[in-house]
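Shown next, in structure tokens, is the structure this report addresses.
The values are calculated or read from the model by the stated rules, or taken from the named source; none is laboratory data. Remember, it's a predicted structure, so these values are computed and weren't measured experimentally. We place every Cβ from the backbone using ideal geometry, glycine too, and count neighbours over all the protein chains shown.
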């Protein structure tokens with residue numbers, strides 16, 4: 001199994017296209033960091049314009065490394081699934097279209113082992129991408145902008161988390177985001193199994209995510225009560241839950257607390273279920289598939 | 001009859017004049033006490049209670065220099081300070097003589113008798129429409145002040161005195177002010193969970209009341225405060 005995984009990893013990371021995602025993330029993060037380094041104050045003013053008349057806002061302190069990281073994650077974690085699909089959508093279908101899949105199956109290993117190795121490769125690629133993003137968004141931002149309390153803007157609330165209480169939330173959020181992105185990898189992996197060219201699964205994954213994200217965010221009662229609680233895009237935002245700090249009755253935040261931990265746990269298990277269903281289905285389908293290419 | 005009428009008018013105006021003079025004298029006593037302080041640096045804990053804001057308690061340093069320079073600084077983190085808290089101070093309310101003092105008699109505040117003075121600005125273009133101060137006559141300190149402004153509604157200051165009463169400096173200040181609702185477009189925040197659940201008290205664009213409370217632990221009086229602090 002380990003040899004199979006090494007072989008799959010070698011194939012994946014030998015392809016130049018694998019590194020497009022890493023380059024894209026670096027470019028986006030650096031562009032956002034440069035923009036906020038120059039126009040950070042204006043951006044915070046835009047976000048807090050409705051309270052600017054009432055409160056004195058220390059703009060320079062708000063635009064610190066922790067806040068920049070939050071802004072980057074807010075913008076990027078919607079688009080990273082597309083980058084995950086680039087590799088996961090290609091991992092089976094790419095071999096089918098290149099004609100190497102039949103050759104691979106002549107090896108004395110089970111189809112299940114091959115699929116597990118391929119799925120683990122997708123997972124490792126996704127984790128590598130996320131660690132790269134965490135390094136650029138968090139470590140580089142903190143080095144560039146320094147540390148301070150984190151201000152999180154919700155639709156109707158502004159939350160402030162003390163800097164000593166922020167770092168563990170990022171670790172938890174990245175851990176949750178890893179599970180969320182593995183769901184996308186698993187979906188793309190499933191679509192890759194039933195397709196014989198790699199473009200189809202990549203485009204299909206992106207389309208599914210766009211449609212489901214719109215359904216999650218539209219807040220139309222018809223979908224809110226029926227579809228929304230069950231679709232994975234609703235739960236992929238669960239990483240943000242770690243930044244929704246709990247507060248006492250008089251509005252003082254409680255360090256180390258999370259306002260709705262139960263929802264995060266529920267989202268986590270729903271995402272895990274999606275991973276099991278998508279990856280399991282992919283293995284099940286592949287076991288019964290006629291490999292003709 | 002005419003004589004009695006004239007006498008009563010004269011008596012009333014005399015009484016009014018005496019009351020205003022008494023009010024002015026009391027205000028001067030308060031002012032004299034506040035004038036003992038040219039500047040101070042105070043440390044304390046600030047608690048903020050605004051419907052849309054969830055913030056931690058903050059350790060703050062408050063800098064003051066006569067006549068009305070004030071700065072609230074949090075060196076360990078971020079503090080959202082109400083704009084009025086640094087512009088509406090006791091000194092700014094009672095400094096100068098550019099207002100008419102109207103004696104409002106006495107009232108009971110927290111089971112203590114206090115003298116009420118209404119300060120009407122002489123300048124009709126002044127941002128302040130009316131200030132009402134509630135004075136502890138014995139200690140010559142203001143325990144409550146209510147200021148109505150043209151632009152930002154009504155501010156209230158509540159003071160509790162203790163260790164620093166000899167300087168007219170409070171141990172605890174509660175600042176109550178008007179605030180509007182906060183709202184961000186959902187498309188910008190991408191909230192997790194049901195963001196449509198609004199914070200308690202949030203209701204459309206109605207004005208609401210916010211409160212900031214500072215409990216002082218120490219004052220450093222008349223030791224000088226650098227200009228850089230207020231920049």
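Condition check ((1) within 8 Å of chain A (Cβ to nearest Cβ); (2) in contact with a helix residue (DSSP H, G or I) (Cβ under 7 Å, 6 or more places away or on another chain)) across all residues:
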residue	(1), (2)
B:56	yes, no
B:60	no, no
B:64	no, no
B:67	no, yes
B:73	no, no
B:90	no, yes
B:95	no, no
B:105	no, no
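Output the number of the condition that residue B:141 fails; it satisfies all remaining conditions of (1) at pLDDT 85 or above; (2) within 14 Å of chain A (Cβ to nearest Cβ); (3) touching a helix residue (DSSP H, G or I) at 6+ places or on another chain (Cβ under 7 Å).
The failed condition is (2).
Of the conditions (1) within 14 Å of another protein chain (Cβ to nearest Cβ); (2) surrounded by fewer than 19 Cβ atoms within 10 Å (Cβ to Cβ); (3) within 20 Å of residue A:278 (Cβ to Cβ), residue A:113 satisfies every one except a single condition; which number is it?
(1)
For residue A:178, are the conditions met, namely being touching a helix residue (DSSP H, G or I) at 6+ places or on another chain (Cβ under 7 Å) and away from every other protein chain (no Cβ under 14 Å)?
Working: touching a helix residue (DSSP H, G or I) at 6+ places or on another chain (Cβ under 7 Å): yes; away from every other protein chain (no Cβ under 14 Å): yes.
Yes, satisfied.
Mind listing just one residue for me: the one in the range A:44-55 that is more than 8 Å from chain B (Cβ to nearest Cβ) and surrounded by fewer than 19 Cβ atoms within 10 Å (Cβ to Cβ) and, of those, modelled with the highest pLDDT?
A:45
Which residues, counting only those in the range A:56-68, are facing another protein chain (nearest Cβ under 9 Å) and surrounded by fewer than 20 Cβ atoms within 10 Å (Cβ to Cβ)?
Passing the criteria: A:56, A:58, A:61.
Can you run down the residue pairs with Cβ atoms below 8 Å, 6 or more apart or on separate chains, where the first is in the range A:268-293 and without any contact (Cβ under 8 Å) to a residue 60 or more places away in the chain and the partner is outside any helix (DSSP H, G or I)?
Final answer for the pair search is A:270/A:230.
Please state which of the following conditions residue A:228 fails to meet, knowing it meets all the rest: (1) within 12 Å of chain B (Cβ to nearest Cβ); (2) more than 19 Å from the chain's Cα centre (by Cα); (3) not in a helix (DSSP H, G or I).
Just one mismatch for residue A:228, condition (2).
Could you grab me the full set of residues in the range B:157-175 that are buried (at least 19 other Cβ atoms within 10 Å of the Cβ) and either within 14 Å of chain A (Cβ to nearest Cβ) or in a strand (DSSP E or B) (or both)?
Across the range B:157-175, the qualifying residues are B:157, B:158, B:159, B:173, B:175.
Select from the range A:246-284 the residues that are surrounded by 14 or more Cβ atoms within 10 Å (Cβ to Cβ) and facing chain B (nearest Cβ under 10 Å) and list them in ascending order.
Result: A:246, A:247, A:251, A:252, A:253, A:254, A:259, A:260, A:263, A:264, A:267.
Looking at the range A:109-123, can you tell me whether even one residue there is in a helix (DSSP H, G or I), without any contact (Cβ under 8 Å) to a residue 12 or more places away in the chain and farther than 19 Å from residue A:21 by Cβ?
Checked against the condition, which is being in a helix (DSSP H, G or I), without any contact (Cβ under 8 Å) to a residue 12 or more places away in the chain and farther than 19 Å from residue A:21 by Cβ, the range A:109-123 yields no hits at all.
Could you grab the pairs with beta carbons closer than 6 Å, sequence gap of 6+ or different chains, first residue in the range B:179-194 and facing chain A (nearest Cβ under 7 Å) and more than 22 Å from residue A:264 (Cβ to Cβ), second one at pLDDT 75 or above and not in a loop (DSSP other than H, G, I, E, B)?
From the range B:179-194, the pairs are B:179/B:50; B:179/B:208; B:179/B:210.
Take the conditions touching a strand residue (DSSP E or B) at 6+ places or on another chain (Cβ under 8 Å), over 28 Å from residue A:120 (Cα atoms) and in contact (Cβ under 8 Å) with a residue 12 or more places away in the chain and apply them to residue A:245. Does it pass?
When the stated conditions are applied, residue A:245 passes them.
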